[in-house]
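Student: What follows is a structure written as structure tokens; I'll ask about it next.
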Amino acid sequence: MPRMILACTVNDEPVEALIQPYQTLLDVLRDTIGLTGTKEGCGTGDCGACTVHLDGQPVCSCLVLAMQARGRAVRTIEGLAEGDALHPLQDAFVRFGAAQCGFCIPGVLMSAAALLAENPSPTEEEIRYGIAGNLCRCTGYTKMVDAISEVAGAAGGKA
Amino acid sequence: MTVATPKMLGQPIKRREDPRLITGSSTYVDDLQLPGLAHLIFVRSPHGHARVNGIDTAAALGVPGVLAVLTAKDLEGSTTGPLPYEFAFDPFSDVKNMERGPLATDKVRYVGDPVAAVIAETRYAARDAAALVEVDYEPLPAAVVDPEAGLAPGAPLLYEEFGTNLGHTQDRKVGDPDAAFANAERVVKLRVVNQRVFAVAMETRGCVTDWRPGRPGDSGELTMWSSTQIPHGLKTKLAVLLGVPENKVRVIAPEVGGGFGNKVDVSPEETLAAIAAMRLSRPVKWSETRSENFQAAMQGRGQVDIVEAAITGDGRVTAIHVDAICDIGGYYQYLSPLMGMLTGMMMPGPYDIPNIHFTLKGVLTNKTPVGAYRGAGRPEATYLLECLMDKIGHELGKDPAEIRRINFIPPEKFPYSNGLGANYDTGEYVKALDKALEVSGYRQLREEQQTARAQGKLMGIGLAAYVEICGFGPWESATVRVEPSGKVMVHTGTSPHGQGTETSMAQIVADSLGVGIDDIVVLHGDTAMTQSGIGTFGSRSAAVGGGAMVMAVDQVRDKAVRIAAHLLEAAPDDVERSNGTFAVRGAAGKAVTLGEIAAAAYGGNVPTGDEPGLESTRFFKPDDSVFPFGVHVAVVDIDPDTGRVTLRRFIAVDDVGNVINPLLLDGQRHGGIVQGVAQALCEEVVYDESGQLVSGTLNDYSVPTAHMMPMFELDRTVTTTDRNPLGVKGVGEAGTIGSTPTLRSAVVDALLPLGIQDFDMPATSVRVWKAIRAASGSNGQA
């Protein structure tokens, strides 16, 4: 198959990549661009480990063809922090000990960041549903929910 | 020597692993790239039971980019013997000798059984080619799926040469169970099914294998990065299996995305990947797909228990008879045979049962092999016992908490030998029970339940007690090395994959040396750097690995004190640690830092009798295992119209001895509880009667999501142990072992007003709804 040129931004940087039209955004991010923070947990959109933002919306990058990102803005876990300043969710995840094996964490953080961008003061139930597309096998979700709640509370206080 | 710095042990120190995990900058196996990396894809059986009459690889070999297609025939001479499996520790009988290679030969015995391997330049090419490998299968009728049916005369045989599907047996007796049953005032019987479950680590299995060919007279070198819990064991077994000298084999467990026992394995896939790299002299990557993971990664549990108990009129158990039927799957795979053995070893659980008869039948079935899964045999023992305690309560009309109370081993009987090889260290079971009742508000819950029941509501209160054996040896190693500049490098032979062991080990070292935790780096999982180890499984890291760490760091500290005394011209007994220095007691200003001590140590400026350098490697061999225990309580509400079970509250009182880091501890408990709850409520591996895997995707297998779980209420009692230097017992599996029977107990308690006393997991809506309909005399049709 003739290869195609993908031009988009990834974490605010312009990217041009020569790719196969059948490649998923996940594969291109990991294998072509070299951003391996985004994980493949199932390849079928069931686990959320590959969650990235496409124009600010959370998507399972294993279900998005890379060419669908043409001309659009992709944000991955590598672009969640602003420079050396961790995103408040990242900071809270460390303080609460929300991660264990860490494999699901990039996806959970991207889902949670998208949730808070849309709804800065979610209830506990809204948080639980907000990350319900992300499977974690280690933590029972408790500390994640605590950490997201705290960040949401702080954001709510500022608003 | 006095300790003047604040203690790190017991503090909720933030996880030192997290910075790399929350930024996506860590390296898991699939993140690795090597020059010339080739990709490996397996061709797996779509049949549960079939003869393989031939394999045609021509079309696959024609796919551009394909480097090799391997079948069992091509592997002759590649290994020195069959894949390893363990029949250790306890007497087994009738054991069948199994000669399994990395790829199936004449027969496939489960859906997912690997029959061929394709190696290509890209994953895409390998996958395309794998689809073109033509395997001539002759499906065999009536696959053995139900282990009990597999034992029936005339059942199809997985191995004709054995003449039976019975793989192995055990028959163990304590006391005089026959006499106890003959004299029993009452006998209670039940049959419980501990269904198979998937481990579902979020990172599937996988490995990258690199082979550097040797020169004539010198072996090549094999390096494998594997998502494993046992890098050292894997190194030794691979070396033997592949005929490569062990000093030319290096195994690295990089960041590992969850294990749960599932990665305690020397798998056909890892073996084949090594062979492929050696054949091609190229690095080879195998990344398991989720679908493969469901089909071919070892599964957990899979036990049917037929239970009889002799009891007194007030509910005291005088004897127990258990026939455990263990569903092994199509092959023995590494630790498969040991799961049921552990069930037998913990047969009386926390109860003082003097007479025991335990039999075990390991049955070969047309399913994926079983292996360790969080708890591994001990959840099965706890589950059957707790179902029994509930049943006794129901039959005698007594509160389940009181039935357990009168059967507990009393504190004065410890150490308690249960007659089956387990020698319990310490236990205060009544204390844990009372605390659980208090924290849960048990009495008020029962009052609330009475009101709810009067209104026709199905509210259930579940309760379960457990004791587990963990902290398995035989040993663990640790190395503590103070670098010449005073920074501390630590190696642990454990191989963590989410437990936070880099943090807990650093806490141990910080306390002993009096250095800041940021000056310590903890390494693990690379057999070239950490030269000895057993790994991480069976809740052993703190109890055994921590013990080794204490021994190593204390030896380094003692040497540092001697060097400090030498530098300060004082007696070692007069040197104390103070504010990060080693100082002479009562002599203001006479102090040296650890960095100055290290500089002296590596400069050879050491006291007579000491060697230069400042490091220690120690092995800790515990005299015996440790026995954490606890009592869990759950409250559920069941919708009588839909059968939907809602978990309203979960209260866990665990006693794991001393605690190194409560932040890590609670994380282990949360995760463990959810895995145990999931088995009770929603998870079940399903095969149809032809051996086809029905629950083979995350869409068909219900791993709990965030919105299904409540916040957990955690409390503890503390009963220490003298079996390791830290007095710790281990927490990795406690939550899972206790929570499954607790949830089952709650569901049955909710259904009791309908006359339902027996219910097999999982309590999915449809199963509960059917039970309700059956109990109310309906045929179960809407």
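Student: Looking at A:Leu25, B:Val728, B:Pro231, which one has the Cα that reaches farthest to the positive end of the dipole of the protein assembly as shown (charges on Cβ: Lys, Arg +1; Asp, Glu -1)?
Tutor: Going by the charge dipole, the pick is A:Leu25.
Student: Using only protein heavy atoms and a 1.4 Å probe, how much accessible area in total is buried between A and B, to the nearest 100 Å²?
Tutor: Numbers: alone 8330 and 28690 Å², together 32980 Å².
Summing both chains' loss of accessible area gives about 4000 Å².
Student: B:Lys96: which lysines have alpha carbons under 19 Å from its alpha carbon, excluding same-chain residues fewer than 8 sequence positions away?
Tutor: The reachable lysines, counting only those whose Cα sits under 19 Å from B:Lys96, are B:Lys107, B:Lys361, B:Lys367.
Student: What does the C-alpha gyration tensor say about the overall shape of chain B? Classify as rounded when a/c is under 1.5, otherwise prolate if a/b is larger than b/c, or oblate.
Tutor: Working: a/c = 1.91, a/b = 1.12, b/c = 1.71.
Here chain B falls in the oblate category.
Student: Name the residues whose placed amide hydrogens come within less than 5 Å of the amide hydrogen of B:Ala253, ignoring near sequence neighbours (fewer than 5 apart) on the same chain.
Tutor: Sorted by chain and number, the residues that satisfy this are B:Ser226, B:Asp526, B:Thr527.
Student: Return the sequence-ordered ³J(HN,Hα) values of region B:534-551 in whole Hz as given by the Karplus equation 6.51 cos²θ - 1.76 cosθ + 1.60 applied to θ = phi - 60°, using x for Gly and Pro.
Tutor: 10, x, 10, 5, x, 6, 10, 5, 6, 5, 9, x, x, x, 5, 5, 4, 4
Student: For each pair in B:Lys729/B:Lys770; A:Lys143/B:Lys237; B:Lys14/B:Lys285; B:Lys7/B:Lys237; B:Lys14/B:Lys413; B:Lys14/B:Lys487, compute the distance between the two Cα atoms and list the pairs where it is over 30 Å. Working shown, then result.
Tutor: On the way: B:Lys729/B:Lys770 42 Å; A:Lys143/B:Lys237 38 Å; B:Lys14/B:Lys285 34 Å; B:Lys7/B:Lys237 41 Å; B:Lys14/B:Lys413 39 Å; B:Lys14/B:Lys487 20 Å.
The answer is B:Lys729/B:Lys770; A:Lys143/B:Lys237; B:Lys14/B:Lys285; B:Lys7/B:Lys237; B:Lys14/B:Lys413.
Student: Any aspartates and glutamates with Cα under 14 Å of the B:Lys457 Cα? List them, leaving off those in the same chain fewer than 8 positions away.
Tutor: Cross-link targets: B:Glu447, B:Glu448, B:Asp637, B:Asp639, B:Asp641, B:Asp749.
Student: Okay, next question. Where Rh denotes the Kirkwood radius from the mean inverse Cα pair distance, what is Rg over Rh for the protein assembly as shown? The partial results should precede the final answer.
Tutor: On the way: Rg = 28.4 Å, Rh = 29.2 Å.
The Rg/Rh ratio comes out at 0.97.
Student: Further question on the same structure: Taking amide H atoms as placed 1.01 Å from N in the peptide plane, list the residues 5 or more away in sequence, or in a different chain, whose amide H sits under 5 Å from that of B:Gly258.
Tutor: The list, which skips near neighbours in sequence, is empty: none.
Student: Long-range amide H contacts for B:Tyr687: which residues qualify at under 5 Å (H placed 1.01 Å from N, peptide plane, sequence gap of 5 or more or a different chain)?
Tutor: B:Val694
Student: Just the ratio, please: alpha-carbon radius of gyration of region A:4-79 over 2.2 N^0.38 Å, N its number of residues.
Tutor: On the way: Rg = 10.8 Å, N = 76, 2.2 N^0.38 = 11.4 Å.
Normalised by 2.2 N^0.38 Å, the Cα Rg of region A:4-79 equals 0.95.
Student: Starting from the Cα-Cα distance between A:Glu150 and A:Asp31, subtract it from 0.36 nm times their residue separation and give me the gain in nm to one decimal.
Tutor: Working: separation 119, 0.36 × 119 = 42.84 nm, distance 3.53 nm.
Using 0.36 nm per residue and subtracting the Cα-Cα distance, I get 39.3 nm.
Student: Using only the alpha-carbon atoms, what does region B:140-260 span along each of its principal axes? Please give whole angstrom values in decreasing order.
Tutor: 73, 35, 32
Student: In sequence order, what are the phi-derived ³J(HN,Hα) couplings for region A:3-19 according to the Karplus relation 6.51 cos²θ - 1.76 cosθ + 1.60 with θ = phi - 60°, rounded to whole Hz, with x for glycine and proline?
Tutor: 7, 10, 9, 9, 10, 7, 10, 10, 6, 6, 9, x, 10, 10, 9, 8, 9
Student: Calculate I(q)/I(0) for region B:265-333 by the Debye formula, one identical point scatterer on each C-alpha and no solvent, and give its log10 at q = 0.20, 0.24, 0.28 Å⁻¹ to two decimals.
Tutor: Debye curve over Cα of region B:265-333, log10 I(q)/I(0) at q = 0.20, 0.24, 0.28 Å⁻¹: -0.93, -1.09, -1.21.
Student: Please work out the Kirkwood hydrodynamic radius for region B:32-155, using every pair of different C-alpha atoms, and report it in angstroms with one decimal place.
Tutor: On the way: mean 1/r = 0.0603 Å⁻¹.
Taking the inverse mean of 1/r over all distinct Cα pairs, region B:32-155 comes out at 16.6 Å.
Student: Where does each of B:533-539, B:47-53, A:14-20 land if you order them by average Cβ count within 10 Å, highest first? Don't jump to the answer; show the numbers that get you there.
Tutor: Details: B:533-539: 28.1, B:47-53: 21.1, A:14-20: 13.7.
Put in order of decreasing packing, that is B:533-539, B:47-53, A:14-20.
Student: Okay, moving on. Run the helix sum for the protein assembly as shown: -39,500 (n - 2.57) per DSSP H stretch of 4+ residues, divided by residue count, reported at 222 nm to the nearest 500 deg cm²/dmol. Numbers along the way, then the final one.
Tutor: Working: 23 runs with 259 residues, N = 941.
So the helix-based figure for the protein assembly as shown works out to -8500 deg cm²/dmol.
Student: What are the radius of gyration and Dmax of region B:120-183, computed over its Cα atoms and given in Å?
Tutor: In order Rg, Dmax, the Cα atoms of region B:120-183 give 22.7, 72 Å.
Student: Quick one, can you get me the convex hull of the C-alpha atoms of region A:25-159 expressed as volume per residue in Å³?
Tutor: On the way: hull volume 14.5 nm³, N = 135.
About 108 Å³ per residue, rounded to a whole number.
Student: Moving on to the next point. Work out Dmax and Rg for region B:542-634 from the C-alpha atoms and quote the Rg first, both in angstrom.
Tutor: Just the Cα atoms of region B:542-634 yield Rg and Dmax of 18.1, 63 Å.
Student: If you don't mind, another one. From the phi of every residue in region B:439-451, what ³J(HN,Hα) in whole Hz does the Karplus formula 6.51 cos²θ - 1.76 cosθ + 1.60 yield, where θ is phi - 60° and glycine or proline is x?
Tutor: Karplus values, whole Hz, x for Gly and Pro: 5, 7, x, 4, 5, 5, 4, 5, 5, 4, 5, 4, 5.
Student: If the reach is capped at under 19 angstrom between alpha carbons, list the lysines near B:Lys391, excluding any in the same chain fewer than eight residues apart.
Tutor: Partners found: B:Lys189.
Student: Starting with the highest mean, order B:182-191, B:468-477 by the number of other Cβ atoms within 10 Å, averaged over the residues of each peptide. Spell out each step's value before the answer.
Tutor: Details: B:182-191: 13.9, B:468-477: 23.1.
Put in order of decreasing packing, that is B:468-477, B:182-191.
Student: Still on this model: Please list the radius of gyration and Dmax for region B:597-695, considering alpha-carbon atoms only, with Å as the unit.
Tutor: When restricted to the Cα atoms of region B:597-695, Rg and Dmax are 25.9, 82 Å.
Student: Over the alpha-carbon set of region A:88-158, work out the extent along each principal axis and list the three values in angstrom, largest first.
Tutor: If we take the Cα atoms of region A:88-158, the spans are 33, 23, 17 Å.
Student: Projected onto the charge dipole of chain B (+1 at Lys/Arg Cβ, -1 at Asp/Glu Cβ, origin at the Cα centre), which of B:Gly580, B:Ala771, B:His632 gives the Cα projection farthest towards the positive end?
Tutor: B:Gly580
Student: If you place +1 on the Cβ of every Lys and Arg, -1 on the Cβ of every Asp and Glu, and leave all else neutral, what size is the dipole of chain A about its Cα centre, to the nearest 20 Debye? It would help to have the intermediate numbers written out before the result.
Tutor: Values: 11 positive and 18 negative charges, 54 e Å.
Result for chain A is approximately 260 debye, rounded to the nearest 20.
Student: Accessible area per residue for region B:186-314 in Å², computed with a 1.4 Å probe and the full protein assembly in place, what is it?
Tutor: Working: 3420 Å² over 129 residues.
Value for region B:186-314: 27 Å² per residue.
The values are calculated or read from the model by the stated rules, or taken from the named source; none is laboratory data. Computed from a predicted structure; not experimentally measured. Cβ: placed from backbone, ideal geometry, glycine included. Neighbour counts: every protein chain shown. Surface areas here come from the heavy atoms of the whole protein model, side chains and all, with no ligands, DNA or RNA. Shrake-Rupley method; radii C 1.70, N 1.55, O 1.52, S 1.80 Å.
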